[in-house]
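**Student:** Okay, here's the structure, questions in a sec.
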Amino acid sequence: PEAAPNVMIIFGAGGDLTRRKLIPALFHLAAAGLLPESFAMLGLDRLELDDERFRDRIAEQVKETVGAVFDHVVWQRLVSSIHYMQIDMREGADYEHLCERLGRIDAERGTDGNYLFYLAVPPSLFGEITDRLGEVGLLHETEDDWRRVIIEKPFGHDLESAIALNREMHRNMDEEQIYRIDHYLGKETVQNIMVFRFANSFFEPLWNRNHIDHVQITVAESVGVEHRGAYYEEAGALRDMLPNHLLVLLGFLAMDPPSSFESEAVRIEINKVLDAVKPLTPEEVLTHAVRGQYGAGTMPGGEKVPAYRASPDVNPRSYTETYAALKLSMDSWRWAGVPFYLRTGKRLTAHYTEVAIQFKRAPTIMFKDTAVEELTPDMLVLRIQPNEGIQMSFGAKVPGPTMQVGTVNMDFCYEDYFGNKPATGYETLIYDCMNGDATLFKHADTVEKGWEIVQSVMDVWAAIPPRDFPNYAAGSWGPAAAGELTKRDGRLWRRIA
Ligand code: BG6
């Protein structure tokens, strides 16, 4: 069904996110008939443009981004509802104009006074923009209309700043009006972790410490820091990926069944998982956390790439990590004693995100031609991206007169079943926000709990500069110490071919 009538107001409409994700997402929603009949978009930025010029600009970009599925009829309808206004985001008077302009658009388009503000701007502006919006009454909801604000990470750079940001946002809004995006929650395959677990009766009985040996979560990237050196120098791999994206995967994977798929019910279960994760003590950080930085190297395709320290806007003696691996554990009946190994890094040999669940070995092996150590343990792999799918590996009899066991795979590929649906990952999130469904958004306390988990690692790493950076070559699997993290426990990181 169509979303509720509304005006979507994008701060930073001249930027990258609007061009690459937001407008294409609106296009896909329009094409699927999910945008409301009464809809308008108002783009805001510093650039001096009028409606026509803004529309021309984005038309070119959207054609390029959505490619073959571009449809003129859909686009013409959508673009006629798109407007633009030049604004200085720090200037109070401009918000008075915004108020008037919105009033006019609302009256023309019949959008019922519902406003969705999308802050596609650096986080340093979040507080100021919402203060200004608050001053002119644009965040004030009545019984008949709603006002919502979408923001995107980074939500602070540590626990303290995350709390401060939440406080800043709460100055002008209730928590229910704030929609914090973690784009991993927009991924179909991430949402599918819940469906896989809770729409089937197969796996859930095995989903605990009695049957699972350990879990590996990998977000490997082959790209370097690209043009984001300035941001990345301050962030590093841990802040950039762990407390948000990797913990989203951990949360969905480890949660108990929520009482419903309502936002509050899911939030409670996710928060229980994060509460159960044991923060590492400073001593444990030395053995349970590994950091790395890439040096120059050769990517699998043969491309020679420079070191992180040679990237634009990066200090040539930078201590910023481009790789992080952690071993976490949980204090809960379901997961006590099951290690969760998490790793992420840039310029690794492959680009993929997956969750691998290794089951315990059979207690004894009765087939005498196979030694128990030779058996590859049963494994379930959720491939989040690319080649989205689910793979189950288990033992089967190798044909022949001897009783030998070999490992075989059963593989489900999304594309084979559902085709390749073009999507930016923002469609569901924007649509849900328009309908007031916050299930796939992050609550203030979930964000803070994420930072709590990594705070001790950040503290120890900041206090002890690494001596061995760069410690892995671009195009490799990461620092040798990461291998030790699992080897010490008699386990191995899964490698994809
Ligand atoms: C972003 C990080 O949040 O996620 C990037 O800032 C990272 O550094 C990206 O590359 C990864 O997202 P995806 O969807 O490509 O896995």
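**Student:** Placing +1 on the Cβ of each Lys and Arg and -1 on the Cβ of each Asp and Glu in the chain, which of 358, 329, 162 has its Cα farthest towards the positive end of the resulting dipole?
**Tutor:** With unit charges placed on the Cβ atoms, the residue in question is 358.
**Student:** Which value, in Å² and to the nearest 10, is the accessible area of residue 72 when all protein chains are kept and the probe is 1.4 Å?
**Tutor:** We get 110 Å² for residue 72.
**Student:** For the stretch 78-137 and the stretch 272-329, compute the distance between their C-alpha centroids and round to whole Å.
**Tutor:** 39
**Student:** Now for a different question. Place a +1 charge on the Cβ of each Lys and Arg in the chain and a -1 charge on the Cβ of each Asp and Glu, then give the dipole magnitude about the Cα centre in debye, rounded to the nearest 20.
**Tutor:** Using only the charged Cβ atoms, the result is roughly 2320 debye.
**Student:** With the cut-off at 1.5 for a/c, could you classify the stretch 284-349 from its C-alpha gyration tensor as rounded, prolate or oblate?
**Tutor:** Prolate, since a/c reaches 1.5 and a/b exceeds b/c.
**Student:** Continuing with this model, one more query. Rank 186, 380, 281 by how far each Cα sits towards the positive end of the charge dipole of the chain (+1 on Lys, Arg Cβ; -1 on Asp, Glu Cβ) and give me just the farthest.
**Tutor:** 380
**Student:** Also: Distance check, please: which entries in 304/421; 278/442; 187/449 exceed 24 angstrom between their Cα atoms? Could you put the intermediate results ahead of the total?
**Tutor:** Numbers: 304/421 34 Å; 278/442 21 Å; 187/449 22 Å.
Check vs 24 Å cut-off fails for 304/421.
**Student:** Carbon and sulfur together cover what percent of the accessible area of the chain at a 1.4 Å probe radius?
**Tutor:** Numbers: 11780 of 22670 Å².
Ligands and nucleic acids excluded, carbon and sulfur give 52 percent.
**Student:** If you take the Cα Rg of the stretch 402-459 and divide it by 2.2 N^0.38 Å, with N the number of residues, what do you get?
**Tutor:** Here the Cα radius of gyration is 2.02 times the empirical estimate.
**Student:** Once the piece of chain linking residue 142 and residue 157 is laid out straight, how much longer is it, given 0.36 nm per residue of separation minus the C-alpha distance between them?
**Tutor:** 2.0 nm
**Student:** State the Cα centre-to-centre distance between the stretch 436-468 and the stretch 170-195 in whole Å.
**Tutor:** Measuring centre to centre over Cα atoms gives 16 Å.
**Student:** Given a 1.4 Å probe, how much area per residue of the chain is accessible, in Å²?
**Tutor:** Accessible surface, normalised per residue, equals 46 Å².
**Student:** Considering only protein heavy atoms, with the full assembly of protein chains and a 1.4 angstrom probe, order 449, 397 by accessible area, largest first.
**Tutor:** Ranked from most to least accessible, the order is 397, 449.
**Student:** Let me ask another. Assuming R0 = 30 Å, can you tell me the calculated FRET efficiency for the pair residue 462 and residue 260, based on Cβ-Cβ distance, to the nearest 0.05?
**Tutor:** Once rounded, the FRET efficiency stands at 0.15.
**Student:** In angstroms, what radius of gyration and Dmax does the stretch 347-497 have, counting Cα atoms only?
**Tutor:** 21.4, 63
**Student:** Which aspartates and glutamates, if any, have their Cα less than 20 Å from the Cα of residue 360, not counting same-chain residues under 8 positions apart?
**Tutor:** 204, 213, 331, 373, 374, 378, 489
**Student:** Taking N as the number of residues in the stretch 13-149, what is its Cα Rg relative to 2.2 N^0.38 Å?
**Tutor:** Ratio of Rg to 2.2 N^0.38 Å for the stretch 13-149: 1.05.
**Student:** After finding the eigenvalues of the alpha carbon gyration tensor for the stretch 436-476, what semi-axes result from the square roots of 5 times each, listed largest first in whole Å?
**Tutor:** They are 33, 17, 5 Å, listed from largest to smallest.
**Student:** At 222 nm, what helix-only mean residue ellipticity would the chain give, in deg cm²/dmol to the nearest 500, using -39500 (n - 2.57) for each DSSP H run of four or more?
**Tutor:** That comes out to -10000 deg cm²/dmol.
**Student:** Per q in 0.11, 0.24 1/Å, what log10 I(q)/I(0) does a Debye calculation on the alpha-carbon atoms of the stretch 1-72 return?
**Tutor:** Treating every Cα as an identical point scatterer, log10 I(q)/I(0) equals -0.27, -1.22.
**Student:** Here is a further query. Please tell me the relative contact order of the chain in percent, rounded to the nearest whole number, where contacts are Cα pairs under 8 Å and at least six residues apart.
**Tutor:** Averaging sequence separation for qualifying contacts and normalising by length gives 18 percent for the chain.
**Student:** To continue, here is another question. Please calculate the 1.4 Å probe accessible area of residue 48, with all protein chains present, and give it to the nearest 10 Å².
**Tutor:** Surface open to solvent at residue 48 totals about 140 Å².
**Student:** For the stretch 86-179, what log10 I(q)/I(0) values come out of the Debye formula at q = 0.16, 0.20 1/Å, with one point per alpha carbon and no solvent?
**Tutor:** For the requested q values the scattering log ratios are -0.67, -1.01.
**Student:** While we're looking at this one, here's another question. What shape does the stretch 136-204 take by its C-alpha gyration tensor, where a ≥ b ≥ c are the square roots of the eigenvalues and a/c under 1.5 counts as rounded, a/b above b/c as prolate, and the rest as oblate?
**Tutor:** Oblate.
**Student:** Can you give me the orientation-averaged projected area of the convex hull built on the Cα atoms of the chain, in nm²?
**Tutor:** Reported value for the Cα convex hull: 25.8 nm².
**Student:** So if R0 is 22 Å, what FRET efficiency would residue 128 and residue 108 give, r being the distance between their Cβ atoms, rounded to the nearest 0.05?
**Tutor:** 0.15
**Student:** Excluding ligands and nucleic acids, what accessible area in Å² is computed for residue 128 using a 1.4 Å probe, to the nearest 10?
**Tutor:** Using a 1.4 Å probe on the heavy atoms, I get roughly 50 Å².
**Student:** If a/c stays under 1.5 just call it rounded; otherwise compare a/b with b/c (prolate if a/b is bigger, oblate if not). Do that for the stretch 142-255, with a ≥ b ≥ c from the square roots of the Cα gyration tensor eigenvalues.
**Tutor:** Note, shape of the stretch 142-255 comes out oblate.
The values are calculated or read from the model by the stated rules, or taken from the named source; none is laboratory data. Everything numeric in this text was worked out from a predicted model, so none of it was measured. Please note: Cβ atoms are built from the backbone with ideal geometry, for glycine as well, and neighbour counts cover all protein chains shown. Ligands, DNA and RNA are stripped out before the accessible areas are found, and what is left, the full protein with its side chains, is counted by its heavy atoms. Shrake-Rupley method; radii C 1.70, N 1.55, O 1.52, S 1.80 Å.
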